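Here the structure is laid out as structure tokens; the discussion comes afterwards.
Bear in mind that the values in this text are calculations on the coordinates, not laboratory data. Values in this document were obtained by computation on a predicted structure and should not be read as measured data. Here the Cβ positions follow ideal geometry from the backbone for every residue, glycine too, while neighbour counts run over all protein chains shown.
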Amino acid sequence: MERKRKLYEGKAKVVYETEDPKKLILLFKDTASAFDGVKKAEIEEKGVLNNTISCLIFEILEREGVRTHYIGRVSDREMLVWRAERFPVEVVVRNVATGSIVRRLGIREGTEFDPPLVEFFMKSDELHDPPVCEAHIVLLKLAPPEAIPLMRKTALRVNEILSRIFTEKGIRLVDFKLEFGKLPDGSVAVVDEITPDSMRLWDMRTGEKLDKDRFRFDLGDLLEGYREVLRRLSDS
Ligand code: CDP
């Protein structure tokens, strides 16, 4: 499958049409960005690592029966996906308190959430992705009302699957963000990417951060962290 017309270019990916109107190609760029694009850098190889990790994770989820937009890996930085009508909502699952929830609600950093916490945010650069509740999602028509419980249930299921796999590899899945959309067959599925850009991953032995916080807070070489995640995920 080959890239045709460019549809959209975001901070980390470019979306292309293909010869099949129902399928798109996502191309992962080497751009790293944080704090609404205020901090930015080109990091050679990041796109390849993110595509590879995202493909691996989508393959795991599909094997476990989670509906996703993933079709296959096209090349080192390209993924083939079903075209989706994307909901402008970010679904965040948290196992440990860090990041925005600590700033927003004054919860102590490192607090464990049992059961895990699910939060919704509206995707809006202009409004800086504000937190929204279910009533807001319905009011603003961000997603079909019947998709809300499904997104919550799927996000928790994804958390179970990925927490188990990362724990086996000595990594704590601290939190992550999912996006959802409607596929051409009408089903609601996980879309976008699942990479260390959208997850927090802490080494269980050393506490070392292996995710984008390395870039956000200058904690060390981003590639080293992402390579370590890929190495452990591929190690069976
Ligand atoms: O990153 P920040 O502290 O601003 O936000 P958060 O709400 O603590 O993020 C929770 C999780 O969702 C982290 O793993 C983020 O990397 C991820 N996230 C994301 O991928 N994209 C966003 N726009 C916001 C959060």
Note on segment 144-158: residues under 22 Å from Asp197 (Cβ atoms) and either touching a helix residue (DSSP H, G or I) at 6+ places or on another chain (Cβ under 7 Å) or buried (at least 21 other Cβ atoms within 10 Å of the Cβ) (or both) are Met151, Thr154, Ala155, Val158
Over segment 98-138, the set of residues part of a loop (DSSP other than H, G, I, E, B) and farther than 21 Å from Asp192 by Cα is Thr98, Gly99, Gly106, Ile107, Arg108, Glu109, Gly110, Thr111, Cys133
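Identify all residues within segment 196-236 that are among the hydrophobic types (A, V, I, L, M, F, W, C) and either buried (at least 20 other Cβ atoms within 10 Å of the Cβ) or more than 21 Å from Phe28 (Cβ to Cβ) (or both); write none if there are none. Walk me through how you get there before you give the answer.
First, the residues of segment 196-236 that are among the hydrophobic types (A, V, I, L, M, F, W, C): 199, 201-202, 204, 210, 215, 217, 219, 222-223, 229-230, 233.
Residues satisfying the conditions are Met199, Leu201, Trp202, Met204, Leu210, Phe215, Phe217, Leu219, Leu222, Val229.
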If you go through Asp36, Asp30, the only one that is within 30 Å of Gly220 (Cα to Cα), without any contact (Cβ under 8 Å) to a residue 24 or more places away in the chain and not basic (Lys, Arg) is Asp30
| query | Quick one: is Ser236 of a type in the set (S, T, N, Q) and away from the ligand (no atom under 16 Å from the Cβ)? | reply | yes
Being in contact (Cβ under 8 Å) with a residue 40 or more places away in the chain, touching a Pro at 6+ places or on another chain (Cβ under 9 Å) and either closer than 20 Å to Val158 by Cα or polar (S, T, N, Q) (or both): is that true of Val93 here? yes
Kindly indicate whether Phe58 is in contact with a strand residue (DSSP E or B) (Cβ under 6 Å, 6 or more places away or on another chain), within 16 Å of the ligand (Cβ to nearest atom) and among the aromatic types (Phe, Trp, Tyr).
yes
When (1) in a helix (DSSP H, G or I); (2) within 14 Å of the ligand (Cβ to nearest atom) are applied to Asn95, the one that fails is (1)
Would segment 71-90 turn up any residue that is over 29 Å from Ile25 (Cβ atoms), in contact (Cβ under 8 Å) with a residue 24 or more places away in the chain and within 16 Å of the ligand (Cβ to nearest atom)?
no
Looking across segment 47-70 at residues that are free of Cβ contacts under 8 Å to residues at least 24 places away in the same chain and either hydrophobic (A, V, I, L, M, F, W, C) or not in a helix (DSSP H, G or I) (or both), the single one that is nearest to Leu24 (Cα to Cα) is Tyr70
